[in-house]
1. Among the strands (runs of 3 or more DSSP E) confined wholly to segment 22-141, which include 1 or more residues that are over 26 Å from R208 (Cβ atoms), among the charged types (D, E, K, R) and in contact with a Lys or Arg (Cβ under 9 Å, 6 or more places away or on another chain)?
2. Quick test for you: out of R41, R54, pick the one residue that is in the same structural domain as V128 (by TED's automatic domain parsing) and farther than 20 Å from E115 by Cα.
3. Can you tell me which residue within segment 10-21, out of those that are under 26 Å from K164 (Cα atoms) and in a loop (DSSP other than H, G, I, E, B), is farthest from the chain's Cα centre (by Cα)?
4. Do you know which residues across segment 28-51 are closer than 20 Å to S14 by Cα, polar (S, T, N, Q) and more than 9 Å from the chain's Cα centre (by Cα)?
5. Give all pairs with beta carbons closer than 8 Å in which a residue from segment 45-67 that is closer than 19 Å to W2 by Cβ meets a residue that is of a type in the set (D, E) and assigned to a loop (DSSP other than H, G, I, E, B); count only pairs at least 6 apart in sequence or on separate chains.
6. Of the conditions (1) among the small types (G, A, S); (2) modelled with pLDDT of 95 or more; (3) under 21 Å from E167 (Cα atoms), G99 clears all except one; give me its number.
7. Among the numbered criteria (1) under 15 Å from the mean Cα position of the chain (by Cα); (2) of a type in the set (S, T, Y); (3) surrounded by fewer than 16 Cβ atoms within 10 Å (Cβ to Cβ), which single criterion is violated by S7?
8. Within segment 144-221, considering only helices (runs of 4 or more DSSP H) that don't extend past its boundaries, which have at least 3 residues that are under 23 Å from R88 (Cα atoms) and under 22 Å from the mean Cα position of the chain (by Cα)?
Amino acid sequence: MWEQRASESPEIRSVWRAFVEEDAGYTDEASEHWGLSFIRRPDGSLAAELAGPRIEGLPIRAHVGEHYWGVELAAHVFIPGVDKALLRGAIAGLPVADGRVTIGGRRVPIPAWEELERFVSRLVAEGVLIADADVRRALGGDDDGLSLRSWQRRFRAVTGLRRKEIERLDRCREAYRLLSEGVPPVEVAVVVGYADQAHMTRELRRIRGETPASILAAATS
């Protein structure tokens, strides 16, 4: 079972939850968004993880009976003292004890699914999470005010990725959207700006763990 929805919070890209009904492996798509997730194991124990930004899909193994819930944090959100670049392409476990998780040196109660957005808002208000307004503005296309070199350093420090890498991820998401709507792959490659269809196929496989054929098949099934 999987459920995901967009969030109205500027600090959150999406809120999601899942219940694993059978052991399975899958590829978690690449993203510039940090993932903060909580896990309840079949024995009732709790765990928490922080997934770093990445430009390649990450193989995940899920086990029957596990219950997951979490958020994708906006790319302009970071934890003071935690280097996103060090978590690039990786998942780090967060300390959990007595129903509380330690994030950025602060020990806070683990939220329920319904409390996730209030939980993130509280962390931002308390300074556990920082939202960089300038990088948020630049991600939206407004990068006035700083030199190119300064923006490059700021982007890398806040998002953990280079600007061109985020553009690659955006292009891949747009290709996936068009393919899901049934647009032929050769047309999608041209519209989105890939050199050719083979280039698009390589990027989709690397970033999402899927091919144009599998995306089209899922869209028409």
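1. 100-103, 106-109
2. The match here is R54.
3. Ranking the candidates gives P10 first.
4. Result: S37, single match.
5. G57/E29; R61/D23; A62/D23; H63/D23; V64/E21; V64/E22; V64/D23
6. (3)
7. Failed condition: (3).
8. 148-159, 163-180, 197-208
The values are calculated or read from the model by the stated rules, or taken from the named source; none is laboratory data. Please read all numbers here as calculations on a predicted model, not as lab measurements. No Cβ is skipped: glycine too gets one built from the backbone with ideal geometry, and neighbour counts run over all protein chains shown.
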